[in-house]
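To start, the structure itself, in structure tokens.
The values are calculated or read from the model by the stated rules, or taken from the named source; none is laboratory data. Keep in mind that this is a model prediction, so the values were computed, not measured. Counting neighbours? That spans all protein chains shown, and the Cβs are built from the backbone with ideal geometry, glycine included.
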Amino acid sequence: MAQGPAETGTTRKLYVTEYHKYRDHMLRLDEESRRMRFGMAVDDEFVVDYVNRLNDMKSIVYANMIGGEVRAAAELRPLAAHARGEAEAAFSVEKEYQDSGIGTELLGRIVRAARNRSITRVYMNCLAENRKMQRIARKHGAILQFEQGDVVGKVAPTSAHAFSIWREVVEDEMGFVMAVLDLQRRFMHAA
């Protein structure tokens with residue numbers, strides 16, 4: 001198995017004002033990684049439109065940031081109103097950062113975020129040939145089932161507890177500081 005770059009970056013929640021970084025990441029995905037993320041071939045216009053609707057979908061996005069750029073990301077998106085307590089998770093990792101453990105870390109953040117929001121079931125749909133995603137899902141106790149040519153992973157997060165909530169709050173505060181420092185760095189670099 002190939003190893004990704006030595007630098008693994010910082011994983012944190014993205015703010016709505018940073019979704020352009022997520023869009024840029026999705027646009028950098030090679031054709032195969034993009035197909036694995038969406039389950040089909042999609043063009044740049046589709047990606048831009050998708051990212052523009054993230055806030056409307058009430059998604060939470062965690063990103064792995066290296067040098068101020070998103071190199072991997074995971075989304076947690078609640079399902080329809082009639083499916084209370086259920087959400088979908090989706091992941092993307094740029095090719096040169098795959099096989100470095102980032103996807104596993106991102107899924108851990110997604111499972112905890114789901115737990116802290118009383119989501120009792122997280123679904124992950126992937127193509128049958130997406131063995132990497134299936135391995136990551138199994139690491140977090142997902143039950144995998146073949147459905148109509150795809151694989152659906154189901155994770156049932158445990159109930160929230162004080163430590164899981166506290167840990168997310170602390171990480172969000174650290175993430176905010178990192179976002180402010182990144183913004184400051186960009187302003188200084190532009191000047």
* Members of region 181-191 that are surrounded by fewer than 10 Cβ atoms within 10 Å (Cβ to Cβ), part of a helix (DSSP H, G or I) and hydrophobic (A, V, I, L, M, F, W, C) -> Phe187, Met188, Ala190
* Structure fact -> Among the residues of region 139-151, the number that are surrounded by 12 or more Cβ atoms within 10 Å (Cβ to Cβ) and more than 14 Å from Leu106 (Cα to Cα) is 5
* Please determine, by comparing only the residues of region 121-137 that are touching a helix residue (DSSP H, G or I) at 6+ places or on another chain (Cβ under 9 Å) and assigned to a helix (DSSP H, G or I), which one is surrounded by the fewest Cβ atoms within 10 Å (Cβ to Cβ). => Arg135
* To do: Please enumerate the residues belonging to region 84-120 that are over 18 Å from Thr158 (Cα atoms), in a helix (DSSP H, G or I) and not acidic (Asp, Glu).
  => Lys95, Tyr97, Ile102, Gly103
* Flag if Met178 is in a helix (DSSP H, G or I), touching a Lys or Arg at 6+ places or on another chain (Cβ under 7 Å) and more than 15 Å from Arg77 (Cα to Cα) -> yes
* Structure fact -> Of the residues in region 77-93, those that are within 20 Å of Arg34 (Cα to Cα), touching a residue at least 40 places away in the same chain (Cβ under 8 Å) and surrounded by fewer than 22 Cβ atoms within 10 Å (Cβ to Cβ) come to Ala90
* Asked: Within region 62-72, is there a residue that is outside any strand (DSSP E or B) and either touching a Leu at 6+ places or on another chain (Cβ under 8 Å) or modelled with pLDDT of 90 or more (or both)?
  -> no
* **Scan of region 23-34 for residues that are in a helix (DSSP H, G or I) and closer than 10 Å to Ser92 by Cα, ordered by number** => His25, Met26, Ser33, Arg34
* Structure fact -> Picked from region 109-143 (must be touching a strand residue (DSSP E or B) at 6+ places or on another chain (Cβ under 7 Å) and small (Gly, Ala, Ser)), the residue modelled with the lowest pLDDT is Gly141
* Inside region 37-61, can you point out the residues that are modelled with pLDDT of 90 or more and touching a helix residue (DSSP H, G or I) at 6+ places or on another chain (Cβ under 7 Å)? -> Ala41, Val42, Asp44, Val47, Val48, Val51, Ile60, Val61
* **Top-ranked residue of region 152-175 - restricted to ones that are in contact (Cβ under 8 Å) with a residue 40 or more places away in the chain and surrounded by fewer than 16 Cβ atoms within 10 Å (Cβ to Cβ), ranked as nearest to Arg138 (Cα to Cα)** => Thr158
* Structure fact -> Contact list, first residue from region 29-47 and touching a residue at least 24 places away in the same chain (Cβ under 8 Å) and under 19 Å from Ala128 (Cα atoms), second anywhere and of a type in the set (Gly, Ala, Ser) and in a loop (DSSP other than H, G, I, E, B), beta-carbon distance below 6 Å, six or more apart or interchain, is Arg35/Ala41
